[in-house]
Each structure stands twice: as structure tokens, then as C-alpha cells.
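Structure first, commentary second.
Where a number appears in this text, it was derived from the coordinates with a stated rule and is not lab data. None of these values were measured; they are calculated from a predicted model. Note: ideal-geometry Cβ built from the backbone for every residue, glycine included; neighbour counts use all protein chains shown.
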Amino acid sequence: MSPVDFTTTEKVEMTRTFVPKAGARVKPGTAQNIGALVDEITQVHGNGIDPDDLHDTIVERSRPEHSPTHDDFIWDDAAAAKVQRRDQARYYVRSIEVQPSEEVYADRPYRQVVVLPKEDGSSVYMKTEKVLADKGWREIYLDKAQRDIIGMQRRYEQLTELCAVLDQTRLAIEGLRNRTPKGATDSGAPAGA
């Protein structure tokens, strides 16, 4: 898979603060630089970006020695092949969270992007704020959460106490479907994406 062509004249404002996820082996400066880069890339791909394309683009944008993220990757091909650098990028995406600002209604850091299924069975990264602010994408995210809960119930069916809690969680998810968050819009997210 080739990296995404990232040529744009759009000005991207980077005012958000990114922090390492608790327990992640990521330095605060790396979290800020990679987080800003992911914001920049996902802004150009407003309808989502294939995970491998995002990881490859992070690596390619980090390759120039003057890039703020260059030193966060191992460039010695004897020590790290392309696949390992993609794994590094994947780890960074999973390990970086957005530090909430006063404008955001969050009381703790949250994931910068979430992975959502597409109709063709592949996946796409979407900015968390976009998913939560759009009725269609939010519904797809709730469907994914529901499937994850059902999967956990199947895996841990012998733990009846846990399954009872998971049943309550499934009911809570259904309740969330009936509430529209303040400011949510309909942008035409694909049905069943």
C-alpha cells in the first residue's frame, strides 16, 4: 500500500494538546508531534483514512531529517524494516490521546481517532470528535461497541457475574441510541459502513 499523497494548501490549525496514554512508552514531545501530524493527515481525509495508509503516511512524513517526528522512528534499515516502522506508527496512533480543552466536553484524555468498519469489510480511522458529532457515524460507532460487548459475552460466558454487567452495558448502549448529543449533525455517514 502506498502512502497517501499529502499535498494541500489548506492551513491547518494545531491548537490541541496530545498526551501519552497511561502506561504507553511514548515521550510527551512525541505524543504532541505525532498527534499534530495525525490531525493534519486526518483533516485532509475528512471521511476517514485506511489505517495502513495513515501509518504509512506518518512514516513518510517523518522520513525527512528536519521533520519533528523523524527521531521518533528507527531509520537504520538493518535494525528496522518498513514493516517495523509501520508498527511503530500504529503503536503511536494507539498510544496518543487528546488532552481536553475548555471547548471540549470531556473530563479526561480521549482517543484521537477511532477505527470504524466500512461496508466492504475494511476499516477506516475517523477523528473521534467527528464520529461523536455526527448521527450516522455515531450510530456506526455504537454498533461496533454493541458487537464488542456481545463478543466479550461469548468469550467469557462462564463468568456469569461479568455477563450480567455486560448485559447492563448493552442496555445502556441501546439507551444512547435514543439520545442525540447536543450539536450532532447528519453528514450522511454510510449506512452500515
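So what is the diffusion coefficient of region 134-188 in µm² per second by Stokes-Einstein at 25 °C and 0.890 mPa s, using a Kirkwood Rh over Cα pairs?
201 µm²/s
Which GluC sites (Glu not before Pro) in region 14-117 pass both tests, a DSSP loop state and at most 13 other beta-carbon atoms within 10 Å?
GLU65, GLU102, GLU103
Can you pick out the pairs among LYS21/LYS144; LYS82/LYS135; LYS27/LYS144; LYS27/LYS82; LYS82/LYS130 whose Cα atoms lie more than 26 Å from each other?
Long pairs (Cα-Cα over 26 Å): LYS82/LYS135; LYS27/LYS144; LYS82/LYS130.
Once the other residues with Cβ under 12 Å from the Cβ of VAL19 are scored (Lys, Arg +1; Asp, Glu -1), what is the net sum?
Computed value for this residue: +4.
What's the extension gain from THR17 to VAL83 if we count 0.36 nm per residue and subtract their Cα-Cα distance?
20.9 nm
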